[in-house]
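Just so you know, all these numbers are worked out from the coordinates, no wet-lab data involved. All values reported here derive from a predicted model rather than from experimental measurement. Here the Cβ positions follow ideal geometry from the backbone for every residue, glycine too, while neighbour counts run over all protein chains shown.
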Amino acid sequence: MNGAQAILRTLVELGVDVCFTNPGTSEMHFVAALDSVTEMRGVLTLFEGVATGAADGYGRIAKRPAATLLHLGPGLGNGLANLHNAKRARSPIVNVVGDHATYHRHFDPPLASDIEAVARSVSKLVTTAGGLGSIVSDTIDAYRASVSAPRGVSTLIVPADYSWSQGARPDDHGQIDEKIELTTRPTDDETRGFTFNIVAKMLRSAEPTTFLLGGSALSRQGLLAASRIVNSFGAKLLSETFPAVMDRGAGIVPIDRLAYFGEFAQTQLAGCKHLVLVGASDPVSFFAYPNSPSLFRPPDCDVQVLAGPSEDASEVLNALVEYLGVTKTVPTLQHFVSPQIPSGPLTATAVAAVIGATLPEGTIVSDEGNTGSLSAPGSTQGAPPHTWMCLTGGSIGQGLPVATGAAVAAPDQNILCLQADGSALYTIQSLWTQARENLNVTTVLLNNQSYAILEFELDRVSTTAGSRSRSMFQLFPPMLDFVSIANGFGVDAVSVNTPEELAIQLRRAYSESGPHLIEAILPKGFS
C-alpha cells in the first residue's frame, strides 16, 4: 500500500468519507487511490474555493469533517478565502495539500512555495508528513485537531514521494483502536459554579441584561433553555450577527440577530448593563469607521463569558436553567406565519415574502444574499422549521459552495441558496459540481446588477462620491446572463420578474430533484 492509499484508508476508518478535490500533478496518487479506497467519495470541483467552501458547508451540517485535496501552495491560496470562513464557523476540515517530492524541492521548481506559511493563517494545526513511518499518525493527528476543541481546519502537507512510495500500513502501531469523537472543551465544576453565580447576580440585579448567543446555543435545545432564562428574569436575547448554523421557524424560539450596521447594533444594545456571551464573541464592528466605536456594547457594560466558542453552549445553558431553578418557565415559541405572496414589482422585500410563503419544512438555507436578502430572516421567522447558515467570516463567495457541501451532507433535504449576483461570481463554478453530483440545491440569484453593499459603504464614508467611483460597483455593462451561465454548467435555470413567477418556480424547484437556479431581477443597487 502506498502513502496516498494509507492516508485515504486512515481517513475512512476515522469516519471521513467525502473529499472535495481540485488536484494537480503532485496529488495524482491520491486520485488513483480512490479506485482502491472505494469508501471515500471524491467530489470534483472546478476551483479550490469551491472545494474549501463545500467542506465548510459539509462540516456545518454533518457535524463531522470532510477532507479537501488541493494542489501545492497556489492551490491552497485559491482556497484560502473559504478556509477563512470555515475557521470562523469552527467547521471541522482535514485539508490535504500535495507538495513536491522531497528531493525535488531543492531545485526550486516553478510551483514551489512555503505551503506551511500559507496554511498557518487558517489552520489550527499544520503538519508536513514525515515519511511512510509516520504518515498514518500524521493523518490521525490532523483529524484529531480538526474535531477537538476548538474545532477547525487542520492542514496535512504530503510530499509526492511519500504518496507514491510503497510500504505504508494504516494499522501501524494500532493507532485507531478507539474512535476519536467531536469534542468540546469541558469546564470544571468549580469554574462553572463561579460563573453561574456571577450570571445569577446579574439577572437578579434587575439591571438591563442581554444574552448574546452563538454556536450550539442557537440549536433548538439551546434556544429553549435561553428563552426560559430570559423569560424568568426579564432579560434580552440576541444572536450573533452571522451564525454558522441556527435553528429557526415555527415551534422554535425566535431570536433577533445583532445588526451588521453599527448604528443599528448599538441601538439594540443601548442601555445594556450586563452582556452574557454564550458561544459568541464580544460584538465588534466588521470595520473601523471615522468617529465610531469598535465595540457595539456601551462602554460601561459588564461582560461575562458563560460559554466560550469551544464549549457546548447548549449544554451550558441547560445546566444554568437547572442552577437557577427555572425549568418550569414557559419558553417563547414562534407561531406559524405564512406571508402573502405580493403582487407588483419584484423587490428584495417581495422576494423575501415569497421565500417565507413557500419554504418547505426541513430546508437548509445558505444565505449570501447580502443586501438582497436583508428581509429574508424576518419573512421566514414563522415558516416551517428550517436551518439557516450565514457568511461567518465575511469573505464573499461562500454561499454557493456552502450550499453544495450541505447538499452532500444532507442529500434528502432541500437546500436553498440565497445568493447575491456580485459574490456569486467568485465561486460560480459550484453550479457545475451541483449538476455533476445531482444535488438538491435551489439557488435564488438576487440580481441587482451591482455590489450594492459597497455602494452603501461608500456613502457611509464619503459625501463626495461621484460617477467614477460609483461605477466601480456596477455590474453593467455588459449585462451578466446568469441563466446562460447556469445552463452552461448543466443547471436548470430561469429568470423571473414578478413575485408570482418566483413562487411558481420555487415550488417547481423544490418538487424536482437536482439543482435549479432562479434569477430574480431586482431594481438596480440597494433596494
With viscosity set to 1.306 mPa s and temperature to 10 °C, compute the Stokes-Einstein D of the range 348-521, Rh being the Kirkwood radius across alpha carbon pairs; µm²/s, no decimals.
98
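Need one number: % antiparallel among DSSP beta bridges in the range 348-521, to the nearest 5.
5
Where does the range 9-55 land on Rg/Rh, using Cα atoms and the Kirkwood Rh?
Rounded to two decimals, Rg over Rh is 0.96.
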So what's Rg/Rh here for the chain, counting alpha carbon atoms and using the Kirkwood radius for Rh?
0.98
Once phi is turned into ³J(HN,Hα) by the Karplus curve 6.51 cos²θ - 1.76 cosθ + 1.60 with θ = phi - 60°, what whole-Hz value does each residue of the range 471-486 show in order, with x for glycine and proline?
5, 5, 10, 9, 9, 7, x, x, 6, 7, 9, 5, 5, 5, 4, 5
Around S338, with a cut-off of 15 angstrom between Cβ atoms, what is the net charge of the other residues, counting Lys and Arg +1 and Asp and Glu -1?
+1
Straight distance only, please: which lysines reach the Cα of K87 with their own Cα at less than 26 Å, same-chain residues fewer than 8 apart left out?
K63, K124, K179
Short to long, in 5 Å steps from zero, the percent of alpha-carbon pairs of the range 3-174 per bin is 2, 10, 20, 25, 23, 14, 6, 1, 0
What is the chain's relative contact order, in percent, from Cα pairs under 8 angstrom and six or more apart in sequence?
14
On the principal axes of its Cα set, how long, how wide and how thick is the range 466-508? Give whole Å, largest value first.
43, 26, 10
Quick one: which residues, 5 or more positions from L475 or on another chain, have an amide H under 5 Å from its amide H? H modelled 1.01 Å from N in the peptide plane, none for Pro or chain starts.
S450, Y451
Within 10 Å of each residue's Cβ, count the other Cβ atoms and sort Y323, Y143, Y103 from fewest upward.
Y103, Y323, Y143
Of 516-523, 478-485, ordering from highest average Cβ density within 10 Å down gives 516-523, 478-485
Reachable aspartates and glutamates, given that their alpha-carbon falls under 12 Å from the alpha-carbon of K236 and they are not under 8 places away in the same chain
E207, D256
Order of T442, T327, T332, T498 under a 10 Å beta carbon neighbour criterion, fewest first
T327, T332, T498, T442
Rounded to the nearest 5, the percent of DSSP beta bridges in the chain running antiparallel is 10
Can you give me the long-range amide H partners of A420? Hydrogens built in the peptide plane at 1.01 Å from N, cutoff under 5 Å, separation of 5 or more residues or another chain.
E368, G369, N370, L446
As a check on your grasp of the helix formula, calculate [θ] at 222 nm for the chain: sum -39500 (n - 2.57) over DSSP H runs of n ≥ 4, divide by the residue count, round to the nearest 500.
-10500 deg cm²/dmol
Solvent-free Debye scattering, log10 I(q)/I(0), computed from the Cα coordinates of the range 189-324 at q = 0.11, 0.16 Å⁻¹
-0.36, -0.77
Karplus (6.51, -1.76, 1.60) ³J(HN,Hα), θ = phi - 60°, over the range 201-216, in Hz, Gly and Pro reported as x:
5, 4, 5, 7, 6, 6, 7, x, 10, 10, 9, 9, 9, x, x, 6
Backbone HN-Hα couplings from phi across the range 81-98 [Karplus 6.51/-1.76/1.60, Hz, Gly and Pro as x]
4, 7, 5, 4, 4, 5, 4, 5, 7, 6, 7, x, 9, 9, 9, 9, 10, x
If amide hydrogens are placed 1.01 Å from N in the peptide plane, which non-local residues have theirs closer than 5 Å to the one on A66?
G59, V94
